[in-house]
Amino acid sequence: MNGAGSKLCFYCIEYKKAAKDYPLNYAFADQEEITPRCYLHWQYECDSCKSMTHFNGIAWCSDCKEFTCLNCADEHMVKKKFLVYDYYYTIDCKKCNKPNPALDFAEFNGSHPFQIGDLIPKEDVVVWMPINTEEAVSNQFPNPSWGSIRVESMGNITTITRLESLDEIDPKTVWDANAPDWAGKWPKGGDFNHKHFIIPEVLRLLDVKEGEKILDVACGEGTVTRHLAKKGARITGIDYSNMIDYAMKKEREERLGINYLKADALKISEIFGKESFDKVVCNMAIMDIDNYKALFKQVSEVLIENGLFIFSITHPCFSVPTTTTVRIPRDSQRNEDKIRIVKNYFEKRPTLVQWNPDSVNLLYFQRTISDYINTFREVNMVITEMSEPQTSEKLKEKFPRDTYIDMEMIPYFLIAKVKKVTEL
Ligand SMILES: [Zn+2]
Ligand SMILES: [Zn+2]
Ligand SMILES: [Zn+2]
């Protein structure tokens, strides 16, 4: 092919996935882009502003024989599934005001200027002549070729699956399946993040005083619980998953006087009675608990007046599943090659996350920051302090792979102090 590069056009490849008869063109020169393009799928010159515009942002008026780009006229959105898209733009012709479809849809419905003979391509290109457009529709929306999903597919190792409802999965079995793996990661006070970012902040905000009655909700294998017992608190740990078996075993081996109970966090008011604790702590669990509103109500009930609730969660904005990290190249070990992609912050469906192909599934419940703040208000509680741990020079030096660039720029965790009040 004359003047053609050696790479196939990105759009031709994507469109062929939806339209079986779609011809593949070569990108018109050797383009370094991750989306090399053929001449047909390149740019067209707007007759009004004279600027070269991507073919999906410019429309041809066959009455006036003119191009008008999105910057020169109003666009309108038409919802319709075609090729790999679920909508197209119409752009009002600058000359006659007629709304014409942008060239991506024009190509699909056979009105592209190359298809109707209004223009002859200057470079060698095979132009698609659609016959059966009904078949030329992808049934995958969002399509894998869409912006952030396309980038994600190039360098992502974390699988995020949104569930329609909890009927599809039993949360307890997820945690029980995780228990052996999880407990094994805690030989000396937790994983890297717990050790350096979460536990120090949880303990600082808790500010434990000798003899205080504290409840550790969803205590898991009991690392935080043991920290608090050692500081002289009278502590109870509760968890309904098999994780607590490890905590109980530890207590038998080294007695700290912790009272463990295998029970549901949503029953604490029933079990312990109203106003029975000075403080409640919930470490890295709320984002895994389905009914957080019921939990907050229970916490408010078991707390004394002015009692404190300290909780830590994965950051609602910067952590999986709201945000995911990709590496390009996928196998790069340098943090400079990490890219963060914000998915849907408002997504509320239960979500399964598999961190890498070898790990077991975790279950997340995504919520917004306002969900948390407003739910506390409903049960007479107010957030009085928040912490979003950042890395330090010392940590960067010692653990560059874990913290350099990463935890300099964004917080992975959110730790908060909440107070029970009589009046808001
Ligand atoms: Zn093409
Ligand atoms: Zn223009
Ligand atoms: Zn016109």
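The values are calculated or read from the model by the stated rules, or taken from the named source; none is laboratory data. Predicted model only: the values in this text are computed from it and were never measured. Note that we place each Cβ from the backbone using ideal geometry, even for glycine, and neighbour counts take in every protein chain shown. SASA here: full protein model, heavy atoms, side chains in, ligands and nucleic acids out. Shrake-Rupley method; radii C 1.70, N 1.55, O 1.52, S 1.80 Å.
Mind listing whichever residues of region 47-87 are part of a loop (DSSP other than H, G, I, E, B) and within 13 Å of ligand 3 (Cβ to nearest atom)? Working first, answer last.
Pass one, region 47-87, residues part of a loop (DSSP other than H, G, I, E, B): 47-51, 62-65, 70-74, 84.
Selection gives Asp47, Ser48, Ser62, Asp63, Cys64, Lys65, Cys72, Ala73.
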Subject >> Of residues in region 46-74 being surrounded by 17 or more Cβ atoms within 10 Å (Cβ to Cβ) and charged (D, E, K, R), the one nearest to ligand 2 (Cβ to nearest atom) >> reply: Asp47
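Here is a yes/no grid of residues against (1) surrounded by 19 or more Cβ atoms within 10 Å (Cβ to Cβ); (2) free of Cβ contacts under 8 Å to residues at least 24 places away in the same chain; (3) over 29 Å from Arg401 (Cα atoms):
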{"position": "Glu135", "(1), (2), (3)": "no, no, yes"}
{"position": "Lys172", "(1), (2), (3)": "no, no, yes"}
{"position": "Ile199", "(1), (2), (3)": "yes, no, no"}
{"position": "Lys213", "(1), (2), (3)": "no, no, yes"}
{"position": "Ala218", "(1), (2), (3)": "yes, no, yes"}
{"position": "Gly222", "(1), (2), (3)": "yes, no, no"}
{"position": "Ile238", "(1), (2), (3)": "yes, no, yes"}
{"position": "Asp245", "(1), (2), (3)": "no, no, yes"}
Subject >> Residue under evaluation Ile91, criteria (1) in contact with a helix residue (DSSP H, G or I) (Cβ under 7 Å, 6 or more places away or on another chain); (2) more than 24 Å from Arg150 (Cα to Cα); (3) within 16 Å of ligand 3 (Cβ to nearest atom), criterion not met >> reply: (1)
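Going through region 318-351 one residue at a time, which ones are open to solvent by 20 Å² or more (accessible area, probe 1.4 Å), among the hydrophobic types (A, V, I, L, M, F, W, C) and out of contact with any helix residue (DSSP H, G or I) (no Cβ under 7 Å at 6 or more places or on another chain)? Before you say what the answer is, go through the steps one by one.
Taking region 318-351 first, the residues open to solvent by 20 Å² or more (accessible area, probe 1.4 Å) are 318, 325, 327-331, 333-334, 336-340, 342-349.
Still in the running and among the hydrophobic types (A, V, I, L, M, F, W, C): 318, 328, 339, 342, 346.
Phe318, Val342, Phe346 - these are the residues of region 318-351 that are open to solvent by 20 Å² or more (accessible area, probe 1.4 Å), among the hydrophobic types (A, V, I, L, M, F, W, C) and out of contact with any helix residue (DSSP H, G or I) (no Cβ under 7 Å at 6 or more places or on another chain).
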Subject >> Residues satisfying the stated conditions in region 42-71, i.e. basic (Lys, Arg) and free of Cβ contacts under 8 Å to residues at least 40 places away in the same chain >> reply: Lys50
Original post:
Among (1) over 22 Å from His315 (Cβ atoms); (2) outside any loop (DSSP other than H, G, I, E, B); (3) of a type outside the set (Ser, Thr, Tyr); (4) not assigned by TED's automatic domain parsing to the domain that holds Leu266, which single condition is Leu215 missing?
Top reply: (4)
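Do we find a residue being in a strand (DSSP E or B) and either away from ligand 2 (no atom under 16 Å from the Cβ) or open to solvent by less than 40 Å² (accessible area, probe 1.4 Å) (or both) anywhere in region 9-25? Write out each step before concluding.
Taking region 9-25 first, the residues in a strand (DSSP E or B) are none.
For region 9-25, residues in a strand (DSSP E or B) and either away from ligand 2 (no atom under 16 Å from the Cβ) or open to solvent by less than 40 Å² (accessible area, probe 1.4 Å) (or both): absent.
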Subject >> From the options Thr133, Thr173, residue that is of a type in the set (Ser, Thr, Tyr) and touching a Phe, Trp or Tyr at 6+ places or on another chain (Cβ under 8 Å) >> reply: Thr133
Subject >> Matching entry among Ile91, Ile116 (being aliphatic (A, V, I, L, M) and in a loop (DSSP other than H, G, I, E, B)) >> reply: Ile116
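Taking the residues in region 26-45 that are of a type in the set (D, E, K, R) and within 33 Å of the chain's Cα centre (by Cα) as candidates, determine which candidate is farthest from ligand 2 (Cβ to nearest atom). Quick ask: steps written out before the conclusion?
First, pick out the residues of region 26-45 that are of a type in the set (D, E, K, R): 30, 32-33, 37, 45.
Narrowing further to those that are within 33 Å of the chain's Cα centre (by Cα): 32-33, 37.
Details: Glu32: 27, Glu33: 23, Arg37: 20 Å.
Per the stated criteria, the residue is Glu32.
Taking the criterion of being in a loop (DSSP other than H, G, I, E, B) and modelled with pLDDT of 95 or more, would at least one residue in region 370-382 satisfy it? Walk me through it before giving the result.
Within region 370-382, the first condition is being in a loop (DSSP other than H, G, I, E, B), and the residues that meet it are 379-380.
Then drop every residue that is not modelled with pLDDT of 95 or more, which leaves 379-380.
Among the residues of region 370-382, at least one is in a loop (DSSP other than H, G, I, E, B) and modelled with pLDDT of 95 or more, which makes the answer yes.
Residues checked against (1) more than 16 Å from ligand 1 (Cβ to nearest atom); (2) in contact with a His (Cβ under 9 Å, 6 or more places away or on another chain); (3) aliphatic (A, V, I, L, M); (4) more than 26 Å from Lys50 (Cα to Cα):
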| site | (1), (2), (3), (4) |
| --- | --- |
| Tyr89 | yes, yes, no, no |
| Pro101 | yes, no, no, no |
| Gln115 | no, no, no, no |
| Ile120 | yes, no, yes, no |
| Thr159 | yes, no, no, yes |
| Asp167 | yes, no, no, yes |
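Within region 26-37, is there a residue that is open to solvent by less than 20 Å² (accessible area, probe 1.4 Å), out of contact with any Pro (no Cβ under 7 Å at 6 or more places or on another chain), under 22 Å from Thr133 (Cβ atoms) and within 16 Å of ligand 1 (Cβ to nearest atom)?
If we filter region 26-37 for residues that are open to solvent by less than 20 Å² (accessible area, probe 1.4 Å), which is where we start, we get 27, 31, 36.
Those left that are additionally out of contact with any Pro (no Cβ under 7 Å at 6 or more places or on another chain): 31, 36.
Then keep just the ones that are under 22 Å from Thr133 (Cβ atoms); that gives none.
No.
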Original post:
Exactly one of (1) among the small types (Gly, Ala, Ser); (2) open to solvent by 30 Å² or more (accessible area, probe 1.4 Å); (3) not assigned by TED's automatic domain parsing to the domain that holds Gln115 is unmet by Gly5. Its number?
Top reply: (2)
Original post:
Only one of Glu270, Glu275 is at pLDDT 95 or above, more than 23 Å from Phe413 (Cβ to Cβ) and assigned to a helix (DSSP H, G or I); which?
Top reply: Glu270
Original post:
Which residue pairs have Cβ atoms under 6 Å apart, sit 6 or more places apart or on different chains, and have a first residue in region 72-94 that is more than 26 Å from Lys16 (Cα to Cα) and a second that is within 16 Å of ligand 2 (Cβ to nearest atom) and open to solvent by 90 Å² or more (accessible area, probe 1.4 Å)?
Top reply: Cys72/Lys94; Ala73/Lys94; Asp92/Asp74
